[in-house]
2 protein chains.
Amino acid sequence: MGQKVVVGLMSGTSLDGIDAALVNISEGDNQKFQVKLIQFSTLPFSESMRERILALCDPNSARLEDISLSNMLLGELFAETAKRVVTEAGLKMKDVDLISSHGQTIFHQPESKRIEGYNVTSTLQIGDIAVIAERTGVMTVGDFRTRDMAAGGQGAPLVPYADDLLFRADPNGRILANIGGIANITVLPPAEINEQVLAFDTGPGNMLIDAFTTWATQGKQTYDKNGELAAKGKVDEKWLKELLDHDYYRLPAPKSTGRELFGLDYANILWNAKKELEPEDKIATITELTARTIAEECKRFVDSYNIKEIFISGGGWYNHTLRKGLLDNLPPSIKLGSTDELGIPADAKEAIVFALLGYQCINKRPNNLPSATGAHSPVIMGKIALA
Amino acid sequence: MGQKVVVGLMSGTSLDGIDAALVNISEGDNQKFQVKLIQFSTLPFSESMRERILALCDPNSARLEDISLSNMLLGELFAETAKRVVTEAGLKMKDVDLISSHGQTIFHQPESKRIEGYNVTSTLQIGDIAVIAERTGVMTVGDFRTRDMAAGGQGAPLVPYADDLLFRADPNGRILANIGGIANITVLPPAEINEQVLAFDTGPGNMLIDAFTTWATQGKQTYDKNGELAAKGKVDEKWLKELLDHDYYRLPAPKSTGRELFGLDYANILWNAKKELEPEDKIATITELTARTIAEECKRFVDSYNIKEIFISGGGWYNHTLRKGLLDNLPPSIKLGSTDELGIPADAKEAIVFALLGYQCINKRPNNLPSATGAHSPVIMGKIALA
């Protein structure tokens, strides 16, 4: 089969900026994919842009005009990021076959509501693909999640479909954990085992840690670099126990969450709940909460899926305190690594995944994983804007 | 060339419901199109649905969650309407090659704003095409307007592109006027003349008349049937003169407008400004305003484009007082007719047009008319959701 040059674009809940992965996708028989990263670039959001998006994600401050304008504005920024990664790779836009963009999620509600006689779930990703296609001259795919929801799924997580295609191993099972704003894991059974791939959000990723760090440093730091602040603090075990009592952790998988449950509102309540604690202790406790909730979910599958390795991607990999917390809460037989070791740099993983999802879309192939999203069937996610 | 069975879906600013036109599009050499209407159906909005959408169109009441949910919910209703028109035609969904949906506009701002270093215009159509494709099993195109805006256009009007393709005549020029919530005209030069097709919104269509009628009848009527209420009233010439002094009517074409300028807020101010007038007089005056503003714009082209005929589509055709107002304000040489006479029933016209725009999109052909929208170049509008 052929090979295609694809740009994958991603902007996650952590609102750092837009990631672009320029990849070469080649395909052998039976959908055996080789995805090679050519270049990875990021367009950081300005502080005003970050605030603009934060305001859009908050139902109390999101306004119709801002949603509509920001949909187009983010299209401009996504296009800019696509151009940047292509230029940095020394290529031209005409060398690119496809752009595939996740967009920016500003609302995600997988629990259905009964309205006008319909059970309605919804999700809203902005960053218009028509703007991207127009600015770049390249066919653009995006807005993936609504189709999975229309098929009865939660519209998330989408990464596991690609994990299954790219990383299934033999003879051991593997877990891939992405620690972005929200943390999610993909549980891959050994290649020859006919067990379902499972994937779901475990709960907070860097979202609470980032918020606490921002408040602890009066805005001087927006994330806990190397986990140094958490390392200086002491975990408050009693508080941790209370925090672990959150309903979400008891929900059975597959499940997905976002800023609605573990966003700024929740962070704010927690931050102000323990005035007697030092800021570092709060960060240490919330970091341990994050590590513990990820590790606990992983542990359920160690035996049944013969898990020997856990590969981390996302910004959480660089938080050494979080990493240590994971190791402390996992059986000693488990090896912890970065997805870099699988040929996919941790930073770039989600952007690469969206490149692959878009590639499958234009090849008219289903690209959701029903066992992960809960959809009743495989469907072709994504909308196509022609060049 | 081939022929395709296409469903066009439209829901306009008047919020009556969703129109569906099932058409057969056949194509000869040189894009000579024949569009034959097989069946036309409407799914009326329930009162609660109408109120829901009205609330979404108002920046003061539109909420993020409702926008996101209604995007999916309207997808369900659009899908329902597509199924209805196909069933009523005695066909099956598998007989349909394509669905093309305009969606429901909830925001439209063609004037650019400077944000984050970009000049941003925006428009927001909801009614997710992924839901339509999933429910019907048919490839669906929609969300046309953003691409034209990305190309520097106003994202409107879109109908003139189809008017040009379908209705250009010889040796006389023609005007096509669509009187929906907003009124717009397409000015077609005679076929052999190399003059630009012009098209723009003239101002209010039925929007103000509908609002006044609803208030005058305490909600018993939502539109002035046959223009009977207006016929009972008397035009207040002094007030009419004031109303004609609105900035919009002085703007040069191409120009487009919507609920922002001539919506409920404006209607409400006008309704309450003249307490001394009888409700019928208010309706008569606002009907004359609508007729006058449409006629005045048509008159500019009678000589230069050799206009002999004006064809009306949209609900305004059935308002006899509005029709009489148009005739009174036009030169006696002008013949007024319905687009029915062109083989396109007035009610169905916009839905048919979107069928054609979607057909062009999947055939990878530009489907905007830069002289109407102001775009710097022809572009392929529409996003494609695969079956």
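We did not get these values from a lab; they are worked out from the coordinates using the rules stated. What you are looking at is a predicted structure, and each value in this text was computed from that prediction instead of being measured. Don't worry about glycine lacking a Cβ; one is built from the backbone with ideal geometry, like all the others, and counts go over all protein chains shown.
DSSP assigns beta bridges within segment B:160-342; of those with both partners inside it, close to 55 percent run antiparallel.
Comparing B:Pro345, B:Pro332, B:Pro110, which has the greatest mean-square fluctuation in the GNM of chain B with Cα pairs linked when under 10 Å apart? The residue that fluctuates most here is B:Pro332. Sequence-distant contacts, meaning Cα pairs under 8 Å at least 6 residues apart, place the relative contact order of chain B at 21 percent. With the label put 7 angstrom out from Cα along the Cα-to-Cβ vector, B:Gly90 ends up 6.7 nm from the copy partners, going from closest to farthest.
Among rounded, prolate and oblate, which fits segment A:160-342 when a ≥ b ≥ c are the square roots of the eigenvalues of its C-alpha gyration tensor, a/c under 1.5 means rounded, and a/b larger than b/c means prolate? Prolate is the answer for segment A:160-342, as a/c is 1.5 or above and a/b outweighs b/c.
Sparsely packed loop sites in segment B:74-129 (the trypsin sites (Lys or Arg not before Pro) outside DSSP H, G, I, E and B with at most 10 other Cβ atoms within 10 Å) comprise B:Lys92.
When the Cα gyration tensor is reduced to axis lengths a ≥ b ≥ c, the ratio a/c is 1.5 or higher for segment B:248-387, and with a/b above b/c it is classed as prolate.
Amide H contacts of A:Ile312 (H built 1.01 Å from N, in plane; Pro and chain starts excluded): A:Ala177, A:Gly337, A:Ser338, A:Thr339 sit under 5 Å, all sequence-distant by 5 or more or on other chains.
Here the relative contact order of segment B:160-342, from alpha carbon pairs under 8 Å that lie six or more residues apart, stands at 29 percent.
Here segment A:1-134 carries DSSP beta bridges of which approximately 85% are antiparallel, counting only pairs with both residues inside. Charge dipole (Cα centre; +1 on Lys/Arg Cβ, -1 on Asp/Glu Cβ; no other charges) of segment A:160-342 amounts to roughly 300 debye. Normalised by residue count, the protein assembly as shown yields a Cα convex hull volume of 168 Å³ per residue. Placing unit charges on the Cβ atoms only, positive for Lys and Arg and negative for Asp and Glu, gives chain A a dipole magnitude near 400 debye about its Cα centre. Test of the criteria: in segment B:10-78, which trypsin sites (Lys or Arg not before Pro) are in a DSSP loop and have at most 13 other Cβ atoms within 10 angstrom of their Cβ? Hits after loop and neighbour filter: B:Lys32. Only the Cβ atoms of Lys and Arg (+1) and of Asp and Glu (-1) were treated as charged; on that basis the dipole of segment B:1-82 about its Cα centre amounts to roughly 300 debye. Build a GNM of chain A with springs between Cα atoms under 10 Å apart, and of A:Leu208, A:Leu198, A:Leu73 the one that fluctuates most is A:Leu73.
Cross-link partners for A:Lys349 among the lysines, with Cα-Cα distance under 16 Å and sequence neighbours closer than 8 places in the same chain left out: A:Lys36. Sequentially through segment B:287-301, phi angles give Karplus couplings (6.51, -1.76, 1.60; θ = phi - 60°) of 5, 5, 4, 5, 4, 4, 5, 5, 4, 4, 5, 5, 4, 4, 10 Hz, Gly and Pro residues having no value and appearing as x. For chain B, the mean residue ellipticity at 222 nm estimated from helices alone is -11000 deg cm²/dmol, where every DSSP H run of n ≥ 4 contributes -39500 (n - 2.57) and the total is divided by all residues, rounded to the nearest 500. Selection among B:Leu69, B:Phe45, B:Gly153 by position relative to the dipole of chain B gives B:Gly153 as farthest towards the positive end (Cβ unit charges, Cα centre).
Plainly put, segment B:155-257 has a radius of gyration that is 1.07 times its Kirkwood radius, both from alpha-carbon atoms, as the Rg/Rh ratio.
Shape class of segment B:87-218 from the alpha-carbon gyration tensor: rounded, with the ratio a/c of largest to smallest axis under 1.5. Copy-to-copy label distances for B:Ser26, where each label lies 7 Å from Cα along Cα-to-Cβ, are 4.9 nm in order of increasing length.
Nearest 5 is fine: what % of DSSP beta bridges in the protein assembly as shown come out antiparallel, could you say? It would help to have the intermediate numbers written out before the result.
Numbers: 85 of 121 bridges.
Of all bridge pairs located within the protein assembly as shown, approximately 70 percent are antiparallel.
Structure remark: mean-square fluctuation, Gaussian network model of chain B, C-alpha springs under 10 Å; the largest value among B:Ala372, B:Ala82, B:Ala151 belongs to B:Ala151. Coupling constants for segment A:124-141 follow from the phi torsions by the Karplus curve (6.51 cos²θ - 1.76 cosθ + 1.60, θ = phi - 60°), and in residue order they are 9, 10, 10, x, 4, 6, 5, 5, 4, 4, 5, 6, 9, x, 10, 3, 10, 10 Hz; glycine and proline get x.
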